[in-house]
Amino acid sequence: MRILLVYPEFPDTFWSYKHALKFISKKAVYPPLGLLTVAAMLPENWEKKLIDMNVAPLQESDLVWADLVFISAMSVQCESVNRIITACKKAGVGIVAGGPLFTACHEKFDSVDFLVLNEAEATLSLFLEDLDKGCPKHLYTSDEWPDISKTPGPLWELIDMKKYSAMNIQYSRGCPFNCEFCDIVVLFGHKPRLKSTKQVIDELQALYDFGWRDSVFFVDDNFIGNGEKLKKEVLPAIIGWSEQNGYPFSFHTEASINLSDDIVLMQLMVKAGFDMVFIGIESPHEESLAECNKYQNKGRNLIECVDKIQKQGLEVQGGFILGFDNDPDSIFDTLIWFLQHSGIIVAMVGLLNAPRGTKLFQRLKKEKRIISDFSGDNTDFSMNFKPKMEYNKLIKGYSKVVETIYSPKYYYKRIMQYLKKHDPAQHHHSKIQANGVRAFVKSIFYLGIAGKERFWYWKLFFYTLFHEPSQLSKAMTYAICGYHFRKIYKI
């Protein structure tokens, strides 16, 4: 059996970093971890080939070669998915589809031959058994939360690591919180399910053995969902492995704001090699936090929480949402003020949307406010429901926020504020690599000469060179990221 695994193309969005990747001659940020893991769950004697359309185009010859095409996707990849399905139908090759997009709205994809939904550990084996018997069904679903301590490691040999800026692994699934707008608990449940410490170390070793020596993203939606096991087992094991191997990786992940309450956990993360964490802050407005059940963020001085995390050596990137029913007219100016005083350089500000299956979707459907499907694009200025605030006012305010915070003046000020206040954790992996030198040279032309931000670029460069020389690489990296954000928002 010859299996072609196809990962659809992402549109140009906030997290695609498309305009920044060209500075380091990379094609995509991360490889398709889900498909690489599914590949490891298929019979060993099957031939396997993976096409990541963010790295290389899907050719007709690839489809002619394949007996089956496996697709996994998120909502934002829907347009590319439809093109792949059309191409497969034209080539006469069978399609097996799974992942968040198909699990959320499988009824929209009747033309797909086999829908293997929910988590692959629960449904893929059922499909494979029926396929072997010659009687596969059209739809496979499950309400089981499978034990991921039995999940195999990804088949890294299917990709060219040189095409990516970072690698990724998964330690846990699920989140203990219940934010109204979030579909993570719908897909993966409330109780965090964990891989064993041995699995984590084995997966890090596999990346090391394949020659990787750069950033690794723990894709967990809340890495600290079970903080005690992290402190007692997992992080000490990573620390030991990292020290033994000369700190070959820097790590980043996603977590909730209560990370700021646990000094020991933060210190262990930094010692293990973590240097960045993405946190869903969502709103500086208490009533909006209460509305969306973001109770872990309520009753806090959120700026102080961010500062506590960053003082430990973990840079905070933040997620923010506009469009809550309780957002006041002043929310736009309040959010700009918050960001400029929080030390958060990278802030993903999106409009509220209601993914299918979430409590928010259910509530808005009862209120007859749902007007379309969720696009999954966090920068397309769309909402799939009728907001309480007058729509044009909301869009105008949202535009003001992103155009302000990513304008050179405001963005570079946040970089300098961060550099002045926070010293990064120093590990052996903190070294200048060849692609970093190339990126800096390109940045001189695109940002320092041709760019409209050239005044701020050189101000940042010389300030960092003379006052924070150890952070020059980080400063230039964020200057390049700012170029991407301005391209995305057309600033």
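Site pair TRP458 and LYS420 shows an inter-label distance of 2.1 nm when each label is modelled 7 Å from Cα along Cα→Cβ. In terms of overall dimensions, the range 325-430 has a Cα radius of gyration and Dmax of 17.4, 56 angstrom.
Residues whose amide H falls under 5 Å from that of LEU322, counting only those 5 or more places apart or on a different chain, are GLY350, LEU351, LEU352, with hydrogens built in the peptide plane.
List every residue whose amide H lies under 5 Å from the amide H of ASN293, counting only residues 5 or more places away in sequence or on a different chain, with H placed 1.01 Å from N in the peptide plane. It is GLU180, by chain and number.
Centre-to-centre separation between the Cα atoms of the range 22-86 and those of the range 322-384: 30 Å.
Cysteines in the chain that lack a partner Cβ within the 4.7 Å cut-off: CYS78, CYS88, CYS105, CYS135, CYS175, CYS292, CYS305, CYS481.
Altogether, the Stokes-Einstein calculation at 25 °C and 0.890 mPa s, with the Kirkwood radius of the range 434-488 over Cα pairs as Rh, returns a diffusion coefficient of 219 µm²/s. Structural size metrics of the range 106-148, computed from C-alpha coordinates, are Rg and Dmax of 10.7, 31 Å. The charge dipole of the chain, taken about its Cα centre with unit charges on the Cβ of Lys, Arg, Asp and Glu (plus for the first two, minus for the last two), comes to roughly 1620 debye. Scanning residues 5 or more positions from ASP52 or on other chains, those with amide H under 5 Å from its amide H are TYR7, with H placed 1.01 Å from N in the peptide plane. Where only DSSP H runs of four or more residues are counted, the chain gives -12000 deg cm²/dmol as its mean residue ellipticity at 222 nm, each run worth -39500 (n - 2.57).
Measuring spread by the Cα atoms of the range 248-381 yields a radius of gyration and Dmax of 16.2, 52 Å. Available extension along the chain between LEU139 and HIS467 is 112.0 nm, counting 0.36 nm per residue and deducting the alpha carbon span. The smallest convex shape that holds all Cα atoms of the chain, its convex hull, gives 144 Å³ per residue.
Taken together, the values in this text are just the output of simple stated rules run on the coordinates, not laboratory data. Model, not experiment: these values are computed from the prediction. Cβ coordinates were reconstructed from backbone atoms using ideal geometry, including for glycine residues, and neighbour counts include every protein chain displayed.
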